[in-house]
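Before any comments, here is the structure.
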Amino acid sequence: MAQIGIHSLLVLPIKRYIPKHKGLVFGILLGSILPDADNFAVAAATLTGGSVEGLHRTYTHSLLTAAFIVLMFFLLGKIFKKENWGYLGLGLGLGFGLHIFVDLLVWFNGVELFWPFNSWVNLWENVTPPEAWMKLMNPLEFLFIALFFVALNFEARKQNTDMGVIPTLRVWTYIQLVLFVVFLILAYVSTSNLVTIIYGAFYLLSLILLLWIVFKMRNTIEA
Ligand SMILES: [Zn+2]
């Protein structure tokens, strides 16, 4: 996984270059996060003892899924005469595309680029990263979510938008930082399965939190 906070962080600096259509930037940000929600399926399979084969980086990491979302939102927008649904869908599709592109480049895994067809692309096939480095990957999820929250906080104060959410955002930023430190230490001192399960629970909760914050601060994101 490339850290979901990285995907979110990438959208903020480029948003000023994106045309101001209601729903577009919000869609790009949501779309750049949502592909990793396939980890819920991975968690469900793990907890029920099922196979996790083909559950991560497949149906949510496919350019065909992205195109399907754009088309569905466009058609629904036409049917219900909601122009911004089309822009939201376009944003979601672009966000999925950006996420897939970043996942391919960064790092150490592939994606099923044209799921449902057999199309696994892994630019890192011949690279075996050091184990000590790979242990960093999971805790880093929390650090990058915290960094995204810091950037969002900065953006909101600069634009004077969503100021009511700032105190909550600050608390969650510190919680993410604490989670980063705790799981960083655990990654190097413990190999227990229980730690992995607890990590997974906090990761999924953080993903929901991230989506909730993005929704609450959509005015900042779209401004
Ligand atoms: Zn991903």
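The values are calculated or read from the model by the stated rules, or taken from the named source; none is laboratory data. Keep in mind it's a predicted model, so treat the numbers as computed, not measured. All Cβ positions, glycine included, derive from the backbone under ideal geometry; neighbour counts span all protein chains shown.
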Regarding residue 54, is this residue touching an Asp or Glu at 6+ places or on another chain (Cβ under 9 Å), free of Cβ contacts under 8 Å to residues at least 60 places away in the same chain, at negative phi and of a type outside the set (Ser, Thr, Tyr)?
no
Within the stretch 1-56, which residues are part of a loop (DSSP other than H, G, I, E, B), small (Gly, Ala, Ser) and more than 16 Å from the ligand (Cβ to nearest atom)?
23, 49, 50, 51
Return the only residue of 177, 207, 123 being modelled with pLDDT of 95 or more and closer than 28 Å to residue 64 by Cα.
207
Scan the stretch 82-117 for residues that are over 12 Å from residue 65 (Cα atoms) and in a loop (DSSP other than H, G, I, E, B) and report the count.
6
Select, from 146, 223, the only residue that is closer than 22 Å to residue 32 by Cα and over 16 Å from the mean Cα position of the chain (by Cα).
223
The residue from 212, 115 that alone is aromatic (Phe, Trp, Tyr), closer than 21 Å to residue 41 by Cβ and surrounded by fewer than 17 Cβ atoms within 10 Å (Cβ to Cβ) is 212
Index of the failed condition, residue 163 passing every other in (1) surrounded by fewer than 18 Cβ atoms within 10 Å (Cβ to Cβ); (2) closer than 20 Å to residue 4 by Cα:
(2)
Among the residues of the stretch 11-22, is there at least one that is at pLDDT below 95, over 18 Å from the mean Cα position of the chain (by Cα), surrounded by fewer than 16 Cβ atoms within 10 Å (Cβ to Cβ) and aromatic (Phe, Trp, Tyr)?
yes
